[in-house]
Structure formats: structure tokens, C-alpha cells
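**Q** This is the structure I have questions about; it appears just below.
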Amino acid sequence: MNRWRTLRFDFSAMASPCSLQMDGCDESVMRRAAAEAIAEVQRIEHKFSRYRTDSIISRINQSAGREAVAVDEETGDLLNFALQLWTLSDGLFDITSGVLRHAWDFKRAQFPAPDQLQSLLAKVGWQQVTWDGEQVRLAQAGMELDFGGFGKEYATDRAAAVLHQHGLKHALVNLGGDLHALGPRGLPELNGATWNIEISPPRPTADGPAAPLALLPLGRGGLATSGDYERFFMHEGQRYCHVLNPATGWPVSHWQSVSVLAANTSTAGALTTIAMLKGADAPAWLDAQGVRYLAVQHDGQVLHNAASF
Amino acid sequence: MNKSPSSFALPASGVLLASLVLPGLAALATFAPLTASAETAPEQTTVSVKYGNYQDSQANWDRVKVNAAQVYVQAPIAGEWSIEASGVSDNVSGATPYAHTQKSGASSGGKTGMSDERHAGDVKITRYLPRAAVSASLAYSTEHDYTSTAVGLDARWSTDDNNRTWTVGYGTSHDTIDNTYSGGSISGKHKNTQEFMGGVTQVLTPTDIAQFNLTRSIGSGYYNDPYKLYENRPDQRNAWIGLVRWNHYVGAFDASIRTSYRHYSDSFGVSSHTAGVEWVQPTGRWTFTPGVRYYSQSAANFYFDPVLNAQGQYDLSGTVQHFITLRGNTSADQRLAAFGALTLSMKASYAFTPSLVADVKYERYRQSAALHLGGAGSPGLDAFNANFMQVGLTYRF
């Protein structure tokens, strides 16, 4: 029963391809851990979806401009995280900015009408959220909270936490490109090797799969990538992507993609998003956060910080 | 494998500390100090953790009070980003979800991030062995008029010299068709399919690689297209599918030739051949890839030709009258008719620099009854032509 083996579980969640990979000796424990980790991802997806009218997010949003909504402890923790990110990013990371998507139609490649953008911008801003640690209230009707900015990363960490809870020490969680490594490879013949993570280039090539932009040997920690390639349209050679600045309502344009390596995926994901929003100031800011990054600038130039801290 | 060892102990910074309020994360980020012996990890992946007033983190799973001044968390064990490296990766971060996001966007009105689209049943498990891998998958999907459950098993293993790889696979699926929801009259119809696949990929010489796959598919149940007229197909469909590929490097021209042939034959009476060849010719900064692909299929036994009038045009009432005289299985689905198709393609690419490549691809596709192998195909089919042109510019960093 103590032969080492590798198992990989592929599944879909949060509209993304996901996988759990693990090295271990007790297959039944590995399977149970994987099933619970997948269930945990689905629980989070279900709980915080803004597409479900009965989710906590929908209840908060439906009460906007009216009464405060009492939230459970986990939701409160996420709101605290959101508040701290807003503070640390000087207001750039703002979970109320989701309403701006109503102004940008990436499918039709249309610019927003100025007055529409103005009226939506009036509904953006964490300063309009009253959060006392137990109840949350949005000041105006039409305001919305959206946990999409860190939900997938949080679920990645939670899945890793479930595997860890089951005693797994050599596992890699991947939810649609957000990764958490619980420890290096465990197979004895691999001698503690790391997982090899491929960073995809932000621009696809005409010939299908492009050569990896970089390979990262990852033994432990969280890795996340944000980019301007998920939803966008082109106009006169300029790319307009779905990462919107909450102050202006306009897409960011300095970075094609930013990958960040941090102690956990929630941190890495928040940092990539803030870095996209910070524009040219991002490298210095990421350095100050003590994380490693790999960023592709608008002109294709690749920047990354050195390993020595 | 790139192993650039590094070990760090980092003071926790703002965003990382902020994340530690999230349930469970503190335990992950700061669990007990690791030593090389505890982890049986070699020295290059050893992590040293400086760890202050933080005893809660291991035991207390859900709630952790963070004392910023005293917390040190271990940094990830990671080597350097190796730019333009080539190697086998375990996983991907970045643009990969792109295609998927696009796909789900197209079908769900632009949703990304957290959404309700769940495929709760889809899980594939792969077990890796020293020279082999075995996968098992379970998939469940449902659309408004279709529910499908599929189970698959596949295995692949390689010889010691890596010159030969064997593949075997088995899959079974169970579908339920019900279109009453969308206004149809079909409900409670089922279809079951089993598929067996075996294949081998063999390196023949340093300049030749060949692949052979054989698939047997056995199906029974409801095969009609619920949205088409004249449909009364057999309730059994069994097929053989053979695929051969051969790639050869032609040293004299510094070129490669890629060839493939696929044969398909089923109990509906449909039999098809697909043959393709491509020549990949680099010359200086240019690479030219001309290609040709030919396809021909015979009609299903129960496919009936439409009735045409004296002018050769489709005669609806004549076709209906003909149809009601038919006994047994019938279908007028053009995909079950006899026809052929030819695709000619040419791709030219030009490398301005090794990292900047422009390419133009042109394809011309023609499908018609006259292209059917060995004489005229089904009458009354409109020929179909398509031109495909693609211009690309590729920049690799």
C-alpha cells in the first residue's frame, strides 16, 4: 500500500478547465481528498456567483440603496480582503467596479456612450460601501459587488487547503490557469523536483499553440496570471480589454499580461490585477510587495524581477 | 529539467497579510517550518521559514488572527522564470483559458469568472506510471434537448527506447434525447455507443515517424435528426475507423512531407476515404507548405434521392409522394448522400527575424457529387465551394 503514485483529476469549474495533480502513497486518501477539493471549488462557485439570484452576492446587490445585509463569516472574510486590497491599491482594486461591464460591449466592439459611462462610474467605489464587519450595505440602487476578481484564486487556495487537510504534501491545483503548489513532486525517483509550469504568451499565434513564454519550476506557492486577452476588441490598432480602471471606466493598456508568484494564489491573483491597473508603476510596486513577477509590456517586452531579495 | 535552486524567507507584505484573513489560507502559507529531512526534499528546494508569534496557524483552520509585525511567511519554492525554455510542463498559467473563456463567452453571453455553468460530473483521472499513463473519465452534460453520460478509459505506454508508443482506449456513452422542451415531439429516446481504440506510434528511422489507429464503434438507439423530415434511420450504427499517418523528412530538399489516410465504414452503408498530403519546404526566410486533401463518401443504404422536375429542380410534392411509398429506413439528410470533396491549400510564411513571422494561408474547398470516388455521387446535391484565406503575423518573445 505504500508505493508512490501520481494521480491527476481533470474537471471543469468556473467556466474553466481545472485539474488536481498529486503524488502520494495512499490512493484512497488521494481520491477522497480530490473529491472534497472539487466539491469545495463547486461550493465556492455556487455560493458567490452573481448569476444565481439566491447567492449572497445577489442578495447584497438586490438590496443596494436599501437595507444592509447580514453576511456569514466567510463572506465577511472576503469583504475584509476586498477592503484591504482597495486600501493597498489606492482604490484601483475595487469589487464595486463590475457594473462598468454594462458600458463595454466586447462582442460588438462598441465604445460606451459618455453619459452612460458617467452614470455607471457614479455607482462605482468602495467608499460607497458600508461594511461594519457584520452587515454590508451598498449606498445606491444599481451598485453591485462582484467577487469575480478573486473568487477563482480563493477557490484555488481553498482546494489546496482541503488537500493539505487530508495530509497531502505533493500536489498542484490549477483552476483555469490560477495555480497553487502544495509542495514539490513526491515520487522518490523525481528526487524532490518541482512542478514545471508553463507561462503562455499573451498573444496567440496564427499556427495555434505558441511556444511557452517561460517555464517556472514551482515547488510551493500560488501563481496567477492576468491578461488583456480574455475579452477585448481592437479599434484602430489599439486593444480595449476587459480590465477596466475603476476611476476612469476605461480599459488598461500598459501590460499584455502579468504573472505573479506569491505565497498563495489569492495574493498572486490580486497582485496581477492591481499590477495590470497600475500600468508603468507596477514593477516597483510588485517589488515592494516582495513577490516575483513576469510581465509582458504592451510592446512585447518581457520584464521580470531577479531572484535575489 | 531546469532546477535553479533558491530558498527564501520573506517578510509578509501587505497583500499577502491581507490574504491571511481568508479562511484556511494562513495554515497554507505558514504551516510548520520545513526542514529538508521533514520534507524529504533535496537541499535545492529547502525552505527556511522565520516564524514568530503564530502558533495558531496550524491548529486553527478557520480563523487566524494576523499579527503583522511578527509574521514571516515562507516564499514559494521556485526557480527562475526560464524564458524561451523548452521542456515538458506539468501545467499552464496564462493564455490557455483564453480559448475556453471565449467559448463559454460565446455560448453564455459573455460570462467569465464565476458563473453557473457547471459540469459537475466531468472528472478525468490520470494515473502516471514510469513509462505509461492510464486515464479514466466520467462526463455528464446536459443541453436543453440532450443529456449525455460518458465513461472513458485509456492507456498509453512506451518502449524503453521511446521509439514506440502503444495506445488503447475504451469509451461508452449514453444519450437521452428529449426536444419537447423546445417544441418538438421526441421524448425519452436513447442512444448508447461503445468505442474501442487501439493504436501505435513508431519511430521508423531518424527521418520517419508513423502512426496507426484503429477504432471500432458500436452504437444502438435513436439516430434520427429530430429536426428533419423523412427521418427513419436504423437503430444500430456500427463503424470501423482506420487512420494512418506518416511523416518523412526529405534531407535532400531540407523539407518534410506529411501524409495521412483515414478510412471510415459503417453499418448505415456509409464508407469514406480521406487522404491528405502536405509538403513543408523552407527556403531561406520563406517556408512554403502546399497541401491537398481529398474526401469521398458513399451514400447510406437508406438515403433516398430527392425527386427532381424536368428542369432538374427539387420537386417537393414529388419527393413527399415518393417518400410515402418507401418502406423501412429512410433519410434525406445530405450528410448521408454520396459526394466527394477536394481541398487545395497553400501556406507561405516569411520570417523577418527568427521571432517575427508573417504568414498567408489560402484554402480552396469544393464539395460536389461529381467528386465522388468512382463516378457520379447522389443526384440533386448542390455543389459547394468555399475559399478560406488567413493572414497572420506572429511575434515570439
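Read the figures in this text as sums done on the coordinates, not as results from a lab. Fair warning: this is a prediction, and the values are worked out from it, not measured in the lab. Glycine also receives a Cβ, built like all others from the backbone with ideal geometry; neighbour counts cover every protein chain displayed.
**Q** Order of B:His248, A:His170, A:His242 from fewest to most other C-beta atoms within 10 Å?
**A** Ordered by Cβ neighbours within 10 Å, fewest first: B:His248, A:His242, A:His170.
**Q** Go through region A:93-156 and name the trypsin sites (Lys or Arg not before Pro) that are in a DSSP coil and have 12 or fewer other Cβ atoms within 10 Å of their Cβ.
**A** Those that pass, being in a loop and sparsely packed, are A:Lys107, A:Arg108.
**Q** Another question, if that's okay. Would you calculate the convex hull of the Cα atoms in chain A and tell me its volume per residue in Å³?
**A** 144 Å³
**Q** For peptide A:189-195, what's the mean number of Cβ atoms from other chains within 10 Å of each residue's Cβ?
**A** Counting other chains' Cβ atoms within 10 Å and averaging over A:189-195 gives 6.
**Q** As I understand it, the dipole of region B:121-395 uses +1 on the Cβ of Lys and Arg and -1 on the Cβ of Asp and Glu, about the Cα centre. Which of B:Gly284, B:Gln321, B:Phe196 lies farthest toward its positive end?
**A** Sorting the options by dipole projection puts first B:Gly284.
**Q** Using only the alpha carbons, work out the radius of gyration and Dmax of region B:121-395 in angstrom.
**A** Every Cα atom of region B:121-395 included, Rg and Dmax give 23.2, 69 Å.
**Q** Moving to a separate point now. What Kirkwood radius, in Å to one decimal, follows from the Cα pairs of region A:111-208?
**A** 18.0 Å
**Q** What residue among A:Ala35, A:Ala139, A:Ala109 has the largest mean-square fluctuation in a Gaussian network model of chain A, using Cα springs under 10 Å?
**A** Top of the fluctuation ranking is A:Ala109.
**Q** With label points built 7 Å along Cα→Cβ from the Cα atoms of B:Phe388 and B:Val250, find their separation and express it in nm.
**A** Going by the 7 Å Cα→Cβ label model, 2.4 nm.
**Q** What GluC sites (Glu not before Pro) in region A:53-146 are in a loop by DSSP, with at most 12 other Cβ atoms within 10 Å of the Cβ?
**A** Listed in order of number, the matching sites are A:Glu67, A:Glu134.
**Q** Starting from the eigenvalues of the Cα gyration tensor, five times each then square-rooted, give me the equivalent ellipsoid semi-axes of region B:342-386, largest first, whole Å.
**A** They are 37, 9, 4 Å, listed largest first.
**Q** Could you list B:Met346, B:Met389 so that the one with the fewest beta carbons within 10 Å of its beta carbon is first and the one with the most is last?
**A** B:Met389, B:Met346
**Q** If you place +1 on the Cβ of every Lys and Arg and -1 on the Cβ of every Asp and Glu, how big does the dipole about the Cα centre of chain A come out, in debye to the nearest 20?
**A** Once rounded to the nearest 20, the dipole reads 460 debye.
**Q** Peptides B:192-198, A:234-240: what's the order by average Cβ count within 10 Å, highest mean first?
**A** My ranking of the peptides, most packed first, is B:192-198, A:234-240.
**Q** For region A:56-149, what does the alpha-carbon gyration tensor say about shape, rounded, prolate or oblate, given a ≥ b ≥ c as the root eigenvalues, a/c under 1.5 as rounded, and a/b over b/c as prolate?
**A** prolate
**Q** Charges at C-beta only: +1 for Lys and Arg, -1 for Asp and Glu. How large is the resulting dipole of region B:121-395 about its Cα centre, in Debye rounded to 20?
**A** Here region B:121-395 has a charge dipole of around 500 debye.
**Q** How many angstrom lie between the Cα centre of region A:148-203 and the Cα centre of region B:306-375?
**A** That distance is 47 Å.
**Q** Could you tell me which of A:Ser119, A:Ile56, A:Ala39 has its Cα farthest along the dipole of chain A towards the positive end, charges placed at Cβ (Lys, Arg +1; Asp, Glu -1), taken about the Cα centre?
**A** A:Ala39
**Q** A further question on this structure: Where does chain A land at 222 nm, in deg cm²/dmol rounded to the nearest 500, when only DSSP H runs of n ≥ 4 count, each adding -39500 (n - 2.57), divided by all residues?
**A** My calculation for chain A gives -9000 deg cm²/dmol from helical runs alone.
**Q** Rg to Rh for region B:135-234: what is it, with Cα atoms only and Rh by Kirkwood?
**A** 1.18
**Q** Taking K and R as +1 and D and E as -1, what net charge do the other residues with C-beta under 9 Å from the C-beta of B:Tyr223 add up to?
**A** So the surrounding residues net to 0.
**Q** A further question follows. Rounded to the nearest 20 Debye, what is the dipole magnitude of region A:180-303 about its Cα centre when Lys and Arg each give +1 and Asp and Glu each give -1 at the C-beta?
**A** With only Lys, Arg, Asp and Glu charged at Cβ, the dipole is about 260 debye.
**Q** Taking the Cα atoms of region A:213-309, report the difference between the largest and smallest coordinate on each principal axis, in whole Å and largest first.
**A** 42, 27, 21
**Q** Loop-only check: which trypsin sites (Lys or Arg not before Pro) in region A:28-75 are DSSP coil with at most 15 other Cβ within 10 angstrom?
**A** Sites meeting the loop and neighbour criteria: A:Arg66.
**Q** Something else about it: Enter the mean number of other protein chain beta carbons within 10 Å of the beta carbon of each residue in B:127-136, as an integer.
**A** Across the residues of B:127-136, the mean count of other-chain Cβ atoms within 10 Å is 2.
**Q** Please give the direction-averaged projected area of the C-alpha convex hull for region B:287-397, in square nanometres with one decimal.
**A** Its average projected convex-hull area is 10.0 nm².
**Q** I've got another one for you. Mind listing P(r) for region B:207-254? All alpha-carbon pairs, 5 Å bins, whole percents.
**A** Result returned by the calculation: 5, 15, 14, 11, 11, 9, 9, 8, 6, 6, 5, 1.
**Q** In whole angstrom, note down how far apart the Cα centers of region A:256-309 and region B:203-262 are.
**A** 45 Å
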